[in-house]
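Trainee: Handing you this structure, nothing more for now.
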Amino acid sequence: MPCCTKIPETADKDVDDVGQYLEGLSKAFKSLEKNIAETITEYQQLMTSYEKVAHTFTEITQENDRNIQLFSKDFEAEMRKLKDGPAMASLQMDISRYVKEGLKPIIAEREKVAKMYKVLRDLRKSYDTYRYDISETEKKYAKKNKSLTESKSYAQKGKKRDEVSAKYETRKKEIVTAVAHLKELIYDFVSHALPGYAVSSGSFAKHLGLQLESYAAGIGPKANVGTTSETSHNNGSLVEENGKSMDGKQSDLLQKNTSSNPLTLEQEYYQQIAK
C-alpha cells in the first residue's frame, strides 16, 4: 500500500454523533465555567460601583449638616460591607459548591467517554486498513487471474479484520452505555446546580435590594447647627447612634434587613427539596 494512499473511512453515524456530542460538551463546560466566574465578577463590579457612588455622596456633603454627612457615610459603609463582607463571600462559596464542584465529576466522566471514543476511532481505522488491503489484494489477484490461496497474507488479514470488527462492535455497545450514564449525571448536575446558582444569586440580589430600600425614607429634617448624633423628634424622624437619620418605619426595616441572613432563602429552598 502506497504511503500516501487515503483509505476511505467506514461510515458509522452513531459513533460520529458521539464524537460531536463530546466536542459540544467540552465547549459548553468551558463556557459554563467562564460565565459562572463572570457572575461573581459582575456582582463585585456592581458593588464597587455602588461604593464609588456612595463615596462621592460623602465627598459632596463635607462641611454640610452633620446628619447628612453621617447619612452618606453610613450608606458608603454599608455598600463596602456588601462588597467585602460575608454576603459576597457566601455568594462565591455557594456558587462554587453548587456549580464548580458539581461540574468536576461530570468533566471527569466526559473525559472517560472521550477515551473510549478514541479507542473506537482507532479500531475503525484499523478495520478500514485491513479492509482496504484485502480489497486491493483481491483486485490484484483477479487482474492476474490468480487464486487468492496463493497469497500468504490474504487469509491472515481477513482474520485480523474480523477480530477488529468484533472488538469494534463490543466497544460500541460499551460507549452507548457510557454516554447514557454521562447524560444521567448531567441531568442530576443541572437539576441541582441551576437552582443552586439561581437561589444563591437571587439571595444576594434580594439582600442588596433590601439594604438599598432601607435608605428610601431619606434623611428627614435638617439638624440644628452643631448637633452630632442627637435624636430629633421633628416629624417622627430620628438620628441613630451611628448618625444615620431615618423615620421609625425605615429604622424598623433597616434593623430587620441588617439582622437577616442573605442565604436564608437558599437554605429554605434546599431544605424543602431535600425532604
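Only the coordinates and a few stated rules stand behind these numbers; no lab work does. Keep in mind that what you see is a predicted model, and the values were worked out from it rather than measured. Don't worry about glycine lacking a Cβ; one is built from the backbone with ideal geometry, like all the others, and counts go over all protein chains shown.
Trainee: Starting from the amide H of G85, placed 1.01 Å from N in the peptide plane, find each other amide H under 5 Å away whose residue is 5 or more places distant or on another chain.
Mentor: Amide H neighbours of G85: none.
Trainee: Here's something else I'd like to know. Between E136 and A37, 0.36 nm times their residue separation minus their Cα-Cα distance comes to what?
Mentor: Values: separation 99, 0.36 × 99 = 35.64 nm, distance 5.60 nm.
Gain on stretching E136 to A37: 30.0 nm.
Trainee: I'd like to compare 154-167, 68-81, 135-148: which one has the highest average count of other Cβ atoms within 10 Å, and what's the full order after that? Spell out each step's value before the answer.
Mentor: Details: 154-167: 14.9, 68-81: 19.9, 135-148: 11.3.
Ranked by mean Cβ neighbours within 10 Å, highest first: 68-81, 154-167, 135-148.
Trainee: Is there a quick way to get the dipole size of region 8-142? I mean about its Cα centre, with the Cβ of Lys and Arg at +1 and of Asp and Glu at -1; what is the value in debye to the nearest 20? Working shown, then result.
Mentor: Details: 23 positive and 26 negative charges, 97 e Å.
Result for region 8-142 is approximately 460 debye, rounded to the nearest 20.
Trainee: Neighbouring Cβ atoms within 10 Å as the yardstick, rank R97, R131 fewest first.
Mentor: Result, fewest neighbours first: R97, R131.
Trainee: Using R₀ = 51 Å, calculate the FRET efficiency as 1/(1 + (r/R₀)^6) where r is the Cβ-Cβ separation of E63 and Y21; round to 0.05.
Mentor: 0.15
Trainee: Taking the Cβ of A28 as the centre, find all other residues whose Cβ is under 12 Å away and add up their charges (Lys, Arg: +1; Asp, Glu: -1).
Mentor: Here the charged neighbours net out to +2.
Trainee: Counting Lys and Arg as +1 and Asp and Glu as -1, what is the net charge of the other residues whose Cβ lies under 9 Å from the Cβ of K172?
Mentor: -2
Trainee: In addition: Can you put S126, S200 in order, fewest other beta carbons within 10 Å first?
Mentor: Exposure proxy ranking, most exposed first: S126, S200.
Trainee: Based on other C-beta atoms within 10 Å, arrange D14, D128 from fewest to most.
Mentor: So the residues, fewest neighbours to most, are D14, D128.
Trainee: Here's something else I'd like to know. What list of ³J(HN,Hα) couplings, whole Hz, do you get for region 24-35 from phi and the Karplus terms 6.51, -1.76, 1.60, once you set θ to phi - 60° and write x for glycine and proline?
Mentor: Rounded to whole hertz, the list is x, 4, 4, 5, 5, 4, 5, 5, 4, 4, 5, 6.
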